[in-house]
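In what follows, a single structure is set out as structure tokens and then discussed.
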Amino acid sequence: MESIYTLINHYNYVITIFLMMGGLYIVISRGNMVKKLVGLSIFQTSVYLLFISPAKILGGTAPILDPAYSVYSNPLPHVLILTAIVVGVATIALGLALTVRVNEAYGTIEEDEILEKDRES
Amino acid sequence: MSALLAQLPALQVVVPLLGAVLAAFCRSGRPAYVVALLVSLAMPVVSGFLLWQTLAGGVISYHLGGWKPPWGIEYRIDVFNALVLMVVSAVGALIMPFAWRSVAAEIDEDKQAWFYCMYLLCLTGLLGIAATGDAFNAFVFLEVSSLSAYVLIALGRDRRALLAAFQYLIMGTIGATFYVIGIGLLYVITGSLNIADIASRMPGAFVVQPHAAFAALAFVAVGLGLKLAIFPLHVWLPNAYAYAPSVVTAFLAATSTKVAIYLLIRFAYGVFGEAIDFRTLPIDQFVMVLSLAAMFLAAFVAIFETNVKRMLAYSSVSQIGYITLGIGMANKAGLTGAIVHLVNHAIMKGALFLALGAVVFRIDSARLENLAGIGRRMPLTMTAFTIAAFGLVGTPGTVGFISKWYLVIGALDEGSLLLVFLIVASSLLSLVYVGRVTEVIWFRDTGPAAAKATDPPLSMLVPTLLLAAAVVYFGIDTTWTAGIAGQAATLLIGDTR
């Protein structure tokens with residue numbers, strides 16, 4: 001009972017870990033380059049949740065200097081994740097660009113077929 | 001002048017970053033090359049000044065934008081980073097004169113400006129990782145250097161370069177994301193992102209949250225392990241090095257894994273070393289077993305490799321094993337050996353891949369059978385190649401000997417004769433693959449592929465010979481390599497061990 005309570009209380013971390021492992025599994029198990037990138041994107045996104053969750057305080061506002069508010073959410077992780085999102089976008093964009101180039105060069109984006117073609121040539 | 005000197009840590013990163021933007025605006029190869037050449041030649045001057053300052057006066061703390069640490073981003077330069085900065089910028093500068101002809105031969109003309117832009121971005125990232133004292137800032141620079149490295153590798157002429165770049169992208173991004181997860185856990189338990197500040201808060205946080213601290217250690221170590229190609233996580237490296245353009249291979253092999261190793265040492269000893277005594281845990285044995293596996297298995301694969309570029313890439317995996325072995329020993333001599341091998345391996349692999357780049361420039365192939373007898377056609381290049389190759393084995397009088405000397409002392413301090421034996425035995429394995437190439441290039445009859453080859457133009461020959469000379473010079477005079485590495489090791493783990 002205790003452990004179920006803990007789980008429900010930390011549901012955001014449960015979601016984070018689910019997304020993290022799901023994303024990583026897709027990257028490892030799929031041979032299609034686009035699917036790999038989808039998994040990678042999910043994996044990266046789970047980290048955004050991991051950072052944002054502990055930063056949020058229930059009932060906390062944005063950090064504004066005003067005597068009316070005394071409870072703030074921590075702005076730093078939010079800013080960090082803004083940077084991490086930019087990095088993630090750049091990575092996925094580059095990954096997709098490489099996929100396009102691979103498709104032009106090989107005519108397929110399935111990794112096993114690409115390796116097959118390399119072995120033939 | 002002194003105002004400029006105070007800004008040196010920032011200049012180390014800002015100059016190549018602005019240079020990259022400028023190179024991108026040039027759009028055509030020649031002006032972009034001039035920008036890249038000027039910037040990369042200026043960088044060793046900056047890091048030279050930094051090294052000189054740290055040797056004279058200890059730690060330089062630079063507050064980016066005037067924000068005090070731990071709130072703002074701090075660039076914190078001590079002897080250790082200054083040494084790494086020096087290695088990266090010196091290799092970056094030596095490669096640039098070589099790059100012009102090699103790039104002109106290997107990369108389409110309309111892409112050359114972008115090549116130099118990416119090269120400078122990669123340099124920015126690598127120097128940034130070494131300069132910064134902020135854990136998250138290090139992640140950003142890690143990704144700046146990695147993303148540009150993926151592009152640089154994909155510029156290789158062989159279509160397999162594209163797949164190699166993609167695989168590196170997947171592995172590298174997983175590694176970087178693991179690193180961020182580790183940083184996130186560290187931030188949650190210590191409330192800080194400044195590496196020095198995390199280190200000082202770590203002992204207290206470790207008592208309260210030991211599991212989170214261990215999880216953070218595991219994530220950071222695996223993440224950086226992917227970037228530095230520690231043994232089972234090295235699969236991206238051979239293809240990436242084999243199919244990238246020659247200049248890129250030389251640059252990445254000499255610098256990018258080294259910078260990741262620097263960051264790992266910084267975390268292992270600077271952050272976690274304060275709180276967790278590694279000798280009470282089996283972590284060091286674990287690292288040593290992986291390192292030994294790398295030293296033997298990768299060297300074994302290298303013996304049977306027929307593409308010399310791939311052979312040297314596997315040799316890199318094997319040599320990185322020596323560095324991580326020194327890290328795993330966790331005593332002063334071992335760590336000195338790791339740091340000095342970080343420098344020495346950069347010099348040796350720089351020389352080897354540049355010499356090989358000159359061969360590719362002349363005969364357009366790096367396959368072993370095409371290299372038969374090429375030593376008589378390109379004597380100077382191949383002399384440089386041979387000197388550096390024997391450095392890998394650890395021949396006395398070369399830098400490789402110095403590294404192995406310290407590692408053996410570290411193993412003796414550890415009280416393990418078995419380790420000493422294994423270090424020597426793996427050197428014999430590297431003698432096999434080095435000997436095989438040397439035999440082909442010097443003692444076989446000159447084949448049809450090598451018949452028309454001659455030594456490359458001076459702009460390519462001089463950097464190669466300089467690096468080969470450094471292999472011998474630093475093998476005899478070790479004040480600048482082992483001396484500084486010893487100081488850095490003392491700084492990291494103290495004189496006690």
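What follows is calculated from the coordinates using simple rules that are stated; it is not laboratory data. Since this is a predicted model, take the numbers as computed values, not measurements. Here Cβ is always computed from backbone atoms with ideal geometry, including for glycine, and neighbour counts include all displayed protein chains.
What the table below lists for this structure:
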{"quantity": "Qualifying residue in region B:145-166 (condition: buried (at least 22 other Cβ atoms within 10 Å of the Cβ), more than 10 Å from every other protein chain (Cβ to nearest Cβ) and not in a helix (DSSP H, G or I))", "calculated": "yes"}
{"quantity": "Hey, residue B:180 surrounded by fewer than 22 Cβ atoms within 10 Å (Cβ to Cβ), of a type outside the set (Phe, Trp, Tyr) and within 12 Å of chain A (Cβ to nearest Cβ) or not", "calculated": "no"}
{"quantity": "From the options B:229, B:196, B:242, residue that is more than 14 Å from chain A (Cβ to nearest Cβ), under 21 Å from residue B:297 (Cα atoms) and touching a residue at least 24 places away in the same chain (Cβ under 8 Å)", "calculated": "B:229"}
{"quantity": "Residue count for region B:227-241, restricted to those that are closer than 12 Å to residue B:167 by Cβ and part of a helix (DSSP H, G or I)", "calculated": "5"}
{"quantity": "Pair list, Cβ < 7 Å and 6+ apart or interchain, from region A:1-17 residues that are closer than 21 Å to residue B:181 by Cα to residues that are of a type in the set (Val, Ile, Thr)", "calculated": "A:7/A:14"}
{"quantity": "Out of B:142, B:83, sole residue that is under 20 Å from the mean Cα position of the chain (by Cα), crowded, with 24+ Cβ neighbours inside 10 Å and either more than 11 Å from every other protein chain (Cβ to nearest Cβ) or within 30 Å of residue B:363 (Cα to Cα) (or both)", "calculated": "B:83"}
{"quantity": "Candidates A:82, A:76 - the one that is within 22 Å of the chain's Cα centre (by Cα), part of a helix (DSSP H, G or I), more than 28 Å from residue A:28 (Cβ to Cβ) and within 11 Å of chain B (Cβ to nearest Cβ)", "calculated": "A:76"}
{"quantity": "From B:108, B:134, residue being within 14 Å of chain A (Cβ to nearest Cβ) and over 28 Å from residue B:195 (Cβ atoms)", "calculated": "B:108"}
{"quantity": "Qualifying helices (runs of 4 or more DSSP H) (wholly inside region B:387-497; at least 2 residues being over 19 Å from residue B:339 (Cα atoms) and among the aromatic types (Phe, Trp, Tyr))", "calculated": "B:417-443"}
{"quantity": "Hey, residue B:200 closer than 28 Å to residue B:61 by Cβ, in a helix (DSSP H, G or I) and touching a Cys at 6+ places or on another chain (Cβ under 9 Å) or not", "calculated": "no"}
{"quantity": "Flag for residue B:115 being of a type in the set (Phe, Trp, Tyr), assigned to a helix (DSSP H, G or I) and within 10 Å of chain A (Cβ to nearest Cβ)", "calculated": "no"}
{"quantity": "Residue B:36 in contact with a strand residue (DSSP E or B) (Cβ under 8 Å, 6 or more places away or on another chain), part of a helix (DSSP H, G or I) and small (Gly, Ala, Ser)", "calculated": "no"}
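Conditions tested, residue by residue: (1) more than 10 Å from chain B (Cβ to nearest Cβ); (2) of a type outside the set (Val, Ile, Thr).
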site	(1), (2)
A:65	yes, yes
A:89	yes, no
A:94	no, yes
A:104	no, yes
A:118	no, yes
